[in-house]
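For reference, the structure discussed in these notes is given below.
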Amino acid sequence: MFYYEVDNEIQLKLITQNDAEEIFAFIDRSRSYLRGWLGWVDNTKTVEDTRAFAAMNLEKFAKREGLDTAIFYKGQFVGKISINTINWSLKKCEIGYFLDEKFQGEGIMTRAVKGIIDIAFHEYKLQKVEIHAAVDNKKSRHIAERLSFMHEGTIRQAEWLYDHYVDHAVYGLMAEDWVGEDK
């Protein structure tokens with residue numbers, strides 16, 4: 001199983017079907033918040049939906065097409081961060097993440113994103129990491145900006161969220177521009 005220690009407080013662990021109950025419970029109690037930015041929330045109605053999603057992502061991991069991890073902060077599940085897609089012909093990936101509202105503002109997600117970037121560049125040997133965030137999702141956009149991603153443009157009406165379209169700001173970071181903790 002995949003496990004990555006970001007630092008002494010934060011660990012990333014490959015999500016398996018055994019994690020479905022804990023993750024579903026988090027999604028269920030955080031629905032109104034998550035619906036603001038994530039289009040899949042209403043399709044996650046049961047633990048079985050979460051278990052099926054975990055199984056699909058385990059297949060993607062086995063094929064080296066993605067990496068779906070749980071974020072643990074001081075041993076507690078607080079969110080998810082994933083390499084959602086890997087384009088091997090272009091040697092790039094897109095990452096996505098969400099964090100429990102109660103743990104925001106502590107630098108947890110910034111450190112988790114640093115960890116997933118290190119994995120993308122050092123483990124997978126990719127050339128580029130992208131973040132696509134809703135234009136109004138200031139917190140996600142600030143993480144990209146804080147970590148020196150370049151704003152590469154905006155995709156208009158990039159996603160349908162329940163009853164409206166949202167535009168996405170697209171950020172990119174090249175491997176040669178990344179200065180991780182170990183450099």
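Applying Stokes-Einstein at 37 °C and 0.692 mPa s to the Kirkwood radius of the range 118-178, computed over alpha-carbon pairs, gives a translational diffusion coefficient of 266 µm² s⁻¹.
With a threshold of 20 Å on the Cα-Cα distance, the over-threshold entries among K102/K138; K13/K128; K13/K45 are K13/K128; K13/K45.
When peptides 133-146, 32-45 are ranked by their average number of other Cβ atoms within 10 Å per residue, the highest-first order is 133-146, 32-45.
Normalising the average separation of contacting C-alpha pairs (under 8 angstrom, six or more residues apart) by the number of residues puts the relative contact order of the chain at 17 percent. Which of rounded, prolate, oblate describes the range 17-120, given a ≥ b ≥ c as roots of the alpha-carbon gyration tensor eigenvalues and a/c under 1.5 marking rounded, otherwise prolate only if a/b is larger than b/c? It is oblate, given that a/c is not under 1.5 and a/b is not larger than b/c. Across every pair of different alpha-carbon atoms, what Kirkwood hydrodynamic radius in Å does the chain reach? After inverting the pairwise mean of 1/r, the radius is 16.7 Å. Accessible surface of the chain, 1.4 Å probe: 49 percent of it comes from carbon and sulfur atoms. A simple charge model with +1 on the Cβ of Lys and Arg, -1 on the Cβ of Asp and Glu and nothing else charged puts the dipole of the range 67-183 at about 180 debye relative to its Cα centre.
The values are calculated or read from the model by the stated rules, or taken from the named source; none is laboratory data. Computed from a prediction, not measured in an experiment: that's the story for all the values here. In this analysis, Cβ positions are derived from the backbone assuming ideal geometry, glycine residues included, and neighbour counts consider all displayed protein chains. Areas reflect the complete protein model, heavy atoms only, side chains present, ligands, DNA and RNA absent. Shrake-Rupley method; radii C 1.70, N 1.55, O 1.52, S 1.80 Å.
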